[in-house]
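Report on one structure; see the data block that follows.
Laboratory data are not the source of any read-out in this text; all were calculated from the coordinates shown. Since we're looking at a predicted model, the values are computed, not measured. Cβ placement follows ideal geometry from the backbone for every residue including glycine, while neighbour counts extend to all protein chains displayed.
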Amino acid sequence: MIQIGIKRKFDNLGRIVIPKELRTFYQFMKYDEVEVVAVENGVLIRKPEYEVKKIDHKQQ
């Protein structure tokens, strides 16, 4: 895999912008959910491989 290096700074609320080139390459669309995972060398941002559903405890 080719490594792409682009520097970004955190804003005062702790946010960063994922560059458009990366969003386009990885097909992230507006309002997509992402999963942020701590890994050995840093942070991994990816599309979730699962769906979170609310459990209704009243039906038990």
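Compute a Gaussian network model of the chain, connecting alpha carbons closer than 10 Å, and tell me which residue from Lys30, Lys47, Lys20 fluctuates the most.
Result for the chain, Cα springs under 10 Å: Lys30 fluctuates most.
Among Arg15, Arg23, Arg46, which one shows the biggest mean-square fluctuation in a GNM of the chain, springs joining Cα atoms closer than 10 Å?
The residue that fluctuates most here is Arg15.
Between Ile6 and Glu51, with labels modelled 7 Å along Cα→Cβ, what's the label distance in nm to one decimal, could you check?
3.0
Quote the charge dipole size of the chain about the Cα centre in Debye, to the nearest 20; the model charges only the Cβ of Lys and Arg (+1) and of Asp and Glu (-1).
Dipole size: approximately 260 debye.
Reachable lysines from Lys30, Cα under 24 Å, same-chain residues fewer than 8 places away excluded?
Candidates past the 8-residue exclusion: Lys7, Lys9, Lys20, Lys47, Lys53, Lys54.
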